[in-house]
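Engineer: The structure's right below; bear with me while I get my questions together.
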Amino acid sequence: MTVQYLIRGEDASAIAASVETGILAADLAPGDQLPPVRELARTLGVSPTTVAAAYRSLRGRGLIVAHGRRGTSVSPQPPLPTRPRASAPLGVRDLGNGSPDPELLPSLSDVLATLRLKPRLYGEATNVPALIEAARRYLEADGIDCSSIAIAAGALDGIERVLQAHLRPGDRVIVEDPGYSAILDLLKTLGLVAVPVPIDDRGPVTAGFVRALAKGASACVVTPRAQNPTGAALDGARTGELRAALRDHPRVLIIEDDHASATAGTPAFTLTDGSRRRWAVVRSVSKALGPDLRVAFVAGDAVTVGRVEGRMNLGPGWVSHILQYTVLTLWNAPNVQKMLRRAVHTYASRRNALLEALTRHGIEGHGRSGLNVWIPVQEEAGTMQALLSCGWLVNAGERYRIESPPAIRVTTARLEPGDSNRFAADLARCLTLASNRTV
């Protein structure tokens, strides 16, 4: 929507600062439309070149997004404090937040009560050795080389540090389309150019991946399973095809975002085969143990991991040992392992229940793994509004898409089979009404 926030400024720097102030004050919200360049130039009494320079600066920092003829808007996730995502209205079921089911997460209070930690001082080892060894066994079981491994403060933190270890503004990065909105926003913030590759249920489509590599990409970010938003997951055949394509591009940095780990409900496949010069596999514990445990493991080549650790040392220094020991204790607890197995089964059952319900109503849905189902629609905003009137809040696909067609994302983590039937029936009615209106 176009907003009435008054942008001020007599030069590009002041105009950019005014927009940033509006975002900070929440007067400009994610998705809000900004005035066209010429219109704002007339209003401020400056040249269009000045406004274009301001917008260019804001785009380079990831604050705004250009949509071609559809104009310019505030980024869906600008790298500034903004209002939290609005909660679902009373009586509306929230199927858009992407979180795991809290009933399937272990109790942190029970674990924290058992920890006996001494004060952590400067100059001591940054990583808990026992946790590093546990992570090494965990990753090596999936065929991932763990000669070098670091600990980051969550998956996105690890991915950002790997990107910054090798890339510079203007470099091209292959991304999945549709893909995780935070990754797309992160690339904009770093001044990197996203090169979209279409995906199907088995991950990046090989032909599109090959074309993207030919465009001179410096890196690729691939989600091996529980792809957000579509639930795509690599299989052996697709992994082999993508590996073969990458052999002709040995300098391309591979980053794998295994954010869901085992909760994805499918085996782990990796594009890293030991022959790559630059690579990293980032695996988080957030979906399995809880989002508040900001711990992810970065396995990669020695240079990449060394740069990640070096940059960490110059910033936060280390991931809190309280968090590290909490993860280690949870991993070693038999009851937690039992809970994790139950979570994997439950998430798969809930996801499949929705897919089956959609099929019964003649609706296409995608979700081979993970916590989300991707449903193509003709028009996102109208579908979302119609579902809201039926008591369902879902996510619009626009924030995840670059060139791919419209869709909605539904989080199934807490959606019981009975609710899936009701949701599918409501969606079918919404789509039928929308279709009738366009006839």
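None of the figures in this text is laboratory data; all of them are computed from the coordinates on show. Values in this document were obtained by computation on a predicted structure and should not be read as measured data. Heads up, the Cβs are rebuilt from the backbone with ideal geometry, glycines too, and the neighbour counts pull from every protein chain shown.
Engineer: GluC sites (Glu not before Pro) within the range 114-184: which are DSSP loop residues with at most 14 other Cβ atoms inside 10 Å?
Structural biologist: Taking the range 114-184 and a limit of 14 other Cβ atoms within 10 Å, the loop GluC sites (Glu not before Pro) found are GLU124.
Engineer: Span-like helices, the chain: DSSP H, alpha-carbon axial extent 15 Å or more, mean Kyte-Doolittle -0.5 or greater, which ones?
Structural biologist: On the way: long enough: 12-24 (18 Å, 1.38); 48-60 (18 Å, -0.08); 129-140 (16 Å, -0.12); 155-166 (17 Å, 0.11); 236-247 (17 Å, -0.46); 302-314 (18 Å, 0.20); 321-332 (16 Å, 0.52); 334-360 (39 Å, -0.59); 417-438 (32 Å, -0.39).
Helices meeting the criterion: 12-24, 48-60, 129-140, 155-166, 236-247, 302-314, 321-332, 417-438.
Engineer: A follow-up question, please. To the nearest 0.05, what FRET efficiency results for GLU379 and ASP200 with a Förster distance of 25 Å applied to their C-beta separation?
Structural biologist: Between GLU379 and ASP200 the formula returns 0.65.
Engineer: Determine Rg/Rh for the range 12-74; Rg is computed over alpha-carbon atoms and Rh is the Kirkwood hydrodynamic estimate from the same atoms.
Structural biologist: Expressed as Rg/Rh, it is 0.92.
Engineer: Please list the non-local residues whose amide H lies under 5 Å from the amide H of THR72, H modeled 1.01 Å from N, same-chain partners needing a gap of 5 or more.
Structural biologist: Residues meeting the criterion, in which the H sits 1.01 Å from N, are LEU34, HIS67.
Engineer: Shifting gears a bit: Using amide H atoms built in the peptide plane, which far-off residues or other-chain residues are under 5 Å from VAL193 H to H?
Structural biologist: Amide H neighbours of VAL193: GLY170, ASP171, ARG172, VAL173.
Engineer: Compute log10 of I(q)/I(0) for the range 116-332 with the Debye formula, placing one identical point scatterer on every Cα and leaving out solvent, at q = 0.08, 0.12, 0.13 Å⁻¹, to two decimals.
Structural biologist: -0.26, -0.59, -0.69
Engineer: Ok, one more. Out of all DSSP beta bridges with both ends in the range 116-332, state the antiparallel percent to the nearest 5. Write out the running numbers ahead of the final one.
Structural biologist: On the way: 11 of 28 bridges.
Of those bridges, close to 40 percent are antiparallel.
Engineer: Hey, another quick one. Give me the percent of DSSP beta bridges within the chain that run antiparallel, rounded to the nearest 5. Walk me through the numbers on the way to the answer.
Structural biologist: Details: 24 of 44 bridges.
Taking every DSSP beta bridge within the chain, about 55 percent pair in antiparallel fashion.
Engineer: Given that compact globular proteins tend to follow 2.2 N^0.38 Å, what is the ratio of the alpha-carbon Rg of the range 254-334 to that value?
Structural biologist: Normalised Cα radius of gyration, the range 254-334: 1.19.
Engineer: Which whole-number percent gives the relative contact order of the chain, counting Cα pairs below 8 Å spaced six or more residues apart?
Structural biologist: Computed over the chain, the figure is 18 percent.
Engineer: By counting other Cβ atoms within 10 Å of each Cβ, how are TYR325, TYR122 ranked from fewest to most?
Structural biologist: With the sparsest Cβ surroundings first, the list reads TYR122, TYR325.
Engineer: How far apart, in nanometres, would the label points at ARG168 and CYS390 be if each is projected 7 angstrom from Cα along the Cα-to-Cβ direction?
Structural biologist: Between ARG168 and CYS390, the simple spin-label model gives 5.2 nm.
Engineer: I'd like the distance separating the alpha-carbon centroids of the range 104-139 and the range 185-218, in whole Å.
Structural biologist: Cα centroid to Cα centroid, the span is 36 Å.
Engineer: What FRET efficiency comes out for the pair SER107/ASP248, r = Cβ-Cβ distance, R0 = 56 Å, nearest 0.05?
Structural biologist: On the way: r = 50 Å, r/R0 = 0.88.
Here the calculated transfer efficiency is 0.70.
Engineer: So if R0 is 30 Å, what FRET efficiency would ARG429 and ASP235 give, r being the distance between their Cβ atoms, rounded to the nearest 0.05?
Structural biologist: Calculated transfer efficiency: 0.30.
Engineer: What relative contact order, as a whole-number percentage, does the range 139-274 give when Cα pairs under 8 Å and 6 or more residues apart are counted?
Structural biologist: Averaging sequence separation for qualifying contacts and normalising by length gives 25 percent for the range 139-274.
Engineer: Same structure, new question: Just the number, please: percent antiparallel of the DSSP beta bridges in the range 126-254, rounded to the nearest 5.
Structural biologist: On the way: 2 of 12 bridges.
If we restrict to bridges inside the range 126-254, about 15 percent are antiparallel.
Engineer: Right, another one. Mind listing the long-range amide H neighbours of ALA407? Cut-off is under 5 Å, sequence gap 5 or more, other chains count too, H placed in the peptide plane at 1.01 Å from N.
Structural biologist: VAL377, GLY397, GLU398
Engineer: May I pose another question? What list do you get for ARG399, ARG422, ARG351 if you sort them by fewest beta carbons within 10 Å?
Structural biologist: The order, fewest Cβ neighbours first, is ARG422, ARG399, ARG351.
Engineer: Let me ask something additional. Run the helix sum for the chain: -39,500 (n - 2.57) per DSSP H stretch of 4+ residues, divided by residue count, reported at 222 nm to the nearest 500 deg cm²/dmol.
Structural biologist: Values: 15 runs with 181 residues, N = 439.
Rounded to the nearest 500, the figure is -13000 deg cm²/dmol.
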